[in-house]
Amino acid sequence: MFLEEMTYPGGTRVLAWRLEEDAQRLAMSCRRMGIAFEDLMDLPLKRQREKSIERLLLCRAFGQPVTLLHDEQGAPFVEDGQVNISITHTPRLVALAVNEREVIGLDAEQADRQQVLTVRSKYLNAQEQAFIGHDMAAHVIAWTAKEAIIKAERNSALDWTHGICVDPFVVAKPGFEEMTFTACCGDNRYHLTTRYIERHFMTLAVAH
């Protein structure tokens with residue numbers, strides 16, 4: 001089910017969809033919108049659902065069906081389109097970010113994803129570990145921030161711990177809905193916005 005479209009300073013639009021429909025229902029939705037889906041039929045059902053939602057979100061974003069391609073790094077782009085996009089999937093959420101001018105990256109994770117605690121030394125440097133402490137939410141937010149920046153940089157080989165450095169932040173409680181903070185990756189600075197949506201933390205990275 002389509003959830004909402006969010007607009008951010010700098011022209012970024014983020015469209016989010018809660019993944020609850022089965023593949024057949026999504027195929028029917030694509031057919032109504034004139035979106036091709038026959039090429040998805042041989043994919044596993046999970047991928048059929050994700051790809052169908054990607055195409056439905058793209059159609060909403062651009063006002064018509066568009067063709068999604070991927071570059072050598074696996075980063076998505078729109079055929080014949082001068083626009084930056086980023087896509088994120090979880091088992092329950094699919095979201096798309098679009099910006100016509102700025103370099104962007106988008107990532108989402110379930111807010112209760114315990115695995116981020118067990119691998120904290122693989123993606124947090126010493127300074128980050130110090131200010132994050134044992135805060136579960138802060139761990140997930142930092143993870144999504146670094147993943148979003150990797151997507152923006154289009155470089156999956158980046159060093160998570162020292163190649164990307166997140167500036168100190170505090171998770172506002174109670175009633176957390178959205179927060180902003182910053183990070184750097186090489187010579188690039190990023191403005192980060194994290195939103196709590198559908199029991200997920202979703203982080204948008206925009207290059208300064």
Which condition breaks for LEU158 when tested against (1) of a type in the set (A, V, I, L, M); (2) under 20 Å from GLY74 (Cβ atoms); (3) under 15 Å from the mean Cα position of the chain (by Cα)? (3)
If we scan region 15-29, do we find a residue that is free of Cβ contacts under 8 Å to residues at least 40 places away in the same chain and of a type in the set (S, T, N, Q)? yes
State all residues of region 53-93 that are touching a helix residue (DSSP H, G or I) at 6+ places or on another chain (Cβ under 9 Å) and at pLDDT below 85; if no residue qualifies, say none. ALA75, GLY81
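Of a type outside the set (Ser, Thr, Tyr), surrounded by 13 or more Cβ atoms within 10 Å (Cβ to Cβ) and within 30 Å of ASN155 (Cβ to Cβ): does that describe LEU69?
Details: of a type outside the set (Ser, Thr, Tyr): yes; surrounded by 13 or more Cβ atoms within 10 Å (Cβ to Cβ): no; within 30 Å of ASN155 (Cβ to Cβ): yes.
So LEU69 fails the test.
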Do we have GLN73 as within 18 Å of GLU5 (Cα to Cα) and outside any helix (DSSP H, G or I) here? no
Of the listed residues (ARG154, ARG120), the one being in contact (Cβ under 8 Å) with a residue 60 or more places away in the chain and of a type in the set (D, E, K, R) is ARG154
Return a yes/no flag: does region 80-98 have any residue that is farther than 24 Å from VAL140 by Cβ, charged (D, E, K, R) and open to solvent by 20 Å² or more (accessible area, probe 1.4 Å). yes
Residues being within 21 Å of ARG195 (Cβ to Cβ), assigned to a helix (DSSP H, G or I) and modelled with pLDDT of 95 or more: count how many of those fall in region 94-130. 1
Residues that are within 16 Å of the chain's Cα centre (by Cα), of a type outside the set (Lys, Arg) and not in a strand (DSSP E or B), drawn from region 176-199: GLU198
Kindly list the number of the only condition in (1) assigned to a helix (DSSP H, G or I); (2) crowded, with 16+ Cβ neighbours inside 10 Å; (3) over 15 Å from the mean Cα position of the chain (by Cα) that fails for ARG25. (2)
Which listed residue is at pLDDT 95 or above, surrounded by fewer than 19 Cβ atoms within 10 Å (Cβ to Cβ) and among the small types (Gly, Ala, Ser), from GLY163, GLY186: GLY163
Restricting the first residue to region 161-185 and requiring it to be more than 17 Å from GLN127 (Cβ to Cβ), which pairs with a second residue that is open to solvent by 30 Å² or more (accessible area, probe 1.4 Å) and assigned to a strand (DSSP E or B) meet a Cβ separation below 7 Å and a spacing of at least six or different chains? PHE176/TYR196; GLU177/ARG195; GLU177/TYR196; GLU178/ARG195; THR180/HIS191
Sole miss for ASP39 among (1) assigned to a helix (DSSP H, G or I); (2) farther than 20 Å from GLN24 by Cβ; (3) open to solvent by 70 Å² or more (accessible area, probe 1.4 Å); (4) at pLDDT below 95 is condition (2)
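The values are calculated or read from the model by the stated rules, or taken from the named source; none is laboratory data. What you see is a predicted model, and the numbers here were worked out from it, not measured in a lab. Here the Cβ is made from the backbone with ideal geometry for all residues, glycine too, and neighbour counts use every protein chain on show. What goes into the accessible areas is simple: the full protein's heavy atoms, side chains included, and nothing from ligands, DNA or RNA. Shrake-Rupley method; radii C 1.70, N 1.55, O 1.52, S 1.80 Å.
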